[in-house]
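Participant: The following block contains the structure, expressed as structure tokens.
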Amino acid sequence: DYFGSSAELNPFTHTWSLGVEEQFYLLFPFILWFSGLPQKRIKGFRNFSLIIGMTALASLISYIWASKMDPIIAFYLMPMRFWELATGSIAYLAFMKSKGPARTRAKFPQYIALSALLAISAVLFMPQQTSQGFATYTVVILTSILIYGIRPASLAYKFLTLNSLVFLGNISYSLYLWHWSVLTISRWT
């Protein structure tokens, strides 16, 4: 159990998410290739959207089912987590395909992106025991809205590109890899 007391002494507990990500990154190129999107086939975008959308939906359904039957499986395994990464891919694709007048695109998404960023911040401070499922769904949806709605002129973009936040973003992966091991070893001693 990731949140159990035995995890506190395992310096590799946090690497489960790296495994989920790597499995997604192994599968994703095949989905792209079979859709025809990289080859710029006529129906490549439609095919990719259908494949990734249907796979994400199947993953979400399995996540909902597994969350009730065996929460540990829902938490750790890639088939149950695929929908989260796929939703971000869909949001990015929608962002790249978005059309419309530049003025409308610059003003309308700015408020959506800023609202999504503020809501994500609020959800992250909710108590873990009462909000785990709600937080997962909400953060995935709001992050996708942020990905779709962010534009260089938006307040959310200006905030997220502040030098201090960019620096923190650049070192965050290293911090993620080291923090749990350091905490675990300090518990041993």
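Participant: Test of understanding: among S172, S154, S164, which residue is at pLDDT below 85, closer than 19 Å to L117 by Cβ and not acidic (D, E)?
Facilitator: S154
Participant: Give me the pairs, please: first residue somewhere in the stretch 139-161 and over 18 Å from V123 (Cα atoms) and free of Cβ contacts under 8 Å to residues at least 60 places away in the same chain, second residue anywhere and open to solvent by less than 30 Å² (accessible area, probe 1.4 Å) and of a type in the set (D, E, K, R), beta-carbon distance under 7 Å, and either six or more positions apart or on two chains.
Facilitator: Close Cβ pairs satisfying both conditions: Y157/R151.
Participant: For the stretch 59-87, which residues satisfy the criterion of being without any contact (Cβ under 8 Å) to a residue 60 or more places away in the chain, open to solvent by 60 Å² or more (accessible area, probe 1.4 Å) and in a helix (DSSP H, G or I)?
Facilitator: I61, I64, W65, K68, M69, P71, I73, P79
Participant: If you take the residues of the stretch 88-134 that are among the charged types (D, E, K, R) and surrounded by 10 or more Cβ atoms within 10 Å (Cβ to Cβ), which of them is modelled with the highest pLDDT? Let's see the steps before the verdict.
Facilitator: Residues of the stretch 88-134 among the charged types (D, E, K, R): 97, 99, 103, 105, 107.
Those still in the list that are surrounded by 10 or more Cβ atoms within 10 Å (Cβ to Cβ) too: 105, 107.
On the way: R105: 50, K107: 54.
Going through the qualifying residues, I end up with K107.
Participant: Could you tell me which numbered condition V140 fails, if it satisfies all but one of (1) modelled with pLDDT of 90 or more; (2) over 12 Å from the mean Cα position of the chain (by Cα)?
Facilitator: (2)
Participant: Here is a further query. Only one of these conditions is not met by A156: (1) among the hydrophobic types (A, V, I, L, M, F, W, C); (2) within 29 Å of T13 (Cβ to Cβ); (3) surrounded by 13 or more Cβ atoms within 10 Å (Cβ to Cβ). Which number is it?
Facilitator: (2)
The values are calculated or read from the model by the stated rules, or taken from the named source; none is laboratory data. Nothing here was measured: the structure is a model prediction, and the numbers come from that model. Heads up, the Cβs are rebuilt from the backbone with ideal geometry, glycines too, and the neighbour counts pull from every protein chain shown. These accessible areas exclude ligands, DNA and RNA; they are computed on the full protein's heavy atoms, side chains included. Shrake-Rupley method; radii C 1.70, N 1.55, O 1.52, S 1.80 Å.
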